[in-house]
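Report on the following structure.
The values are calculated or read from the model by the stated rules, or taken from the named source; none is laboratory data. Keep in mind that what you see is a predicted model, and the values were worked out from it rather than measured. Neighbour counts run over all protein chains shown; Cβ positions are idealised from the backbone, glycine included. Note: areas computed on protein heavy atoms with side chains; ligands, DNA, RNA excluded. Shrake-Rupley method; radii C 1.70, N 1.55, O 1.52, S 1.80 Å.
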Amino acid sequence: MLEIEIKVRVSHMDEIKDRILTIGGQHSETVIEEDRYYNAPHRDFAVTDEALRVRNAGGKIILTYKGPKNTVMGSKIREEYNIHLDNAETCDSILKNLGFRTVAHVRKLREYYTYQDFSIALDKVDHLGEFVEIELITENNAEKAAKRVDELAEKLGVAGERISISYLELLLSTH
């Protein structure tokens, strides 16, 4: 599966939220997401542009691996694998015993919306600010998906510099 995504820092979150609802988008949930990121003992994920994360979101715990980023038409594209877990602390212990080390924690308040086959997230990220992410998951045509993401961003008034780095990278760059 490929994740096609744009991320933009915004200052008018309420207007975007109103537009999502006006075009028929549905609010699905609001959660606090706490992400713990790890680095591998056998390679540096900052160099290989990979990510390994354990997310605790409203009691749901997910281990995620993300492969190196590519870009198509200004959208970020990367391979992604997820597995649901029962216990974040047990996973943390396993990873640490295998030599992985925690590199950062990212905490955000995230409002999830759905529109057609899009996932839209309105994020308030601790120490970073407010962002909108628009995402499509596809098995094949990345260019067509990127074009659709662009069209929805324009319809919602999500404009500005696209941020191709993760919240983790943004947070680490401020320290």
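Observations
- Selection from region 16-34 of residues that are farther than 19 Å from residue 114 by Cβ and either loosely packed, with under 15 Cβ neighbours inside 10 Å or not charged (D, E, K, R) (or both): 32
- Residues within region 14-62 that are out of contact with any Phe, Trp or Tyr (no Cβ under 9 Å at 6 or more places or on another chain), under 20 Å from residue 129 (Cα atoms) and touching a residue at least 60 places away in the same chain (Cβ under 8 Å), tallied: 6
Listed here are the residues, each with its yes/no results for (1) touching a strand residue (DSSP E or B) at 6+ places or on another chain (Cβ under 8 Å); (2) over 18 Å from residue 22 (Cα atoms); (3) surrounded by 12 or more Cβ atoms within 10 Å (Cβ to Cβ).
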position: 98; (1), (2), (3): no, yes, no
position: 119; (1), (2), (3): yes, no, yes
position: 131; (1), (2), (3): yes, yes, yes
position: 156; (1), (2), (3): yes, no, yes
position: 164; (1), (2), (3): yes, yes, yes
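- Selection within region 35-72 - at positive phi and surrounded by 15 or more Cβ atoms within 10 Å (Cβ to Cβ): 49
- Candidate set: region 103-117, residues that are open to solvent by 20 Å² or more (accessible area, probe 1.4 Å) and of a type outside the set (A, V, I, L, M); chosen: the one nearest to residue 45 (Cα to Cα): 105
- Number of positions in region 62-77 that are part of a strand (DSSP E or B), under 23 Å from residue 147 (Cβ atoms) and touching an Asp or Glu at 6+ places or on another chain (Cβ under 9 Å): 5
- Pairs linking a residue in region 78-96 that is under 17 Å from residue 39 (Cα atoms) and outside any helix (DSSP H, G or I) to a residue that is modelled with pLDDT of 95 or more and of a type in the set (D, E, K, R), with Cβ atoms under 8 Å and 6 or more positions apart or on different chains, do not occur.
- Annotation: of all residues in region 1-50 being of a type in the set (S, T, N, Q) and not in a loop (DSSP other than H, G, I, E, B), the one that is nearest to residue 101 (Cα to Cα) is 39.
- Residue satisfying all of: in region 75-93; of a type in the set (A, V, I, L, M, F, W, C) and surrounded by 11 or more Cβ atoms within 10 Å (Cβ to Cβ); nearest to the chain's Cα centre (by Cα) among these: 77
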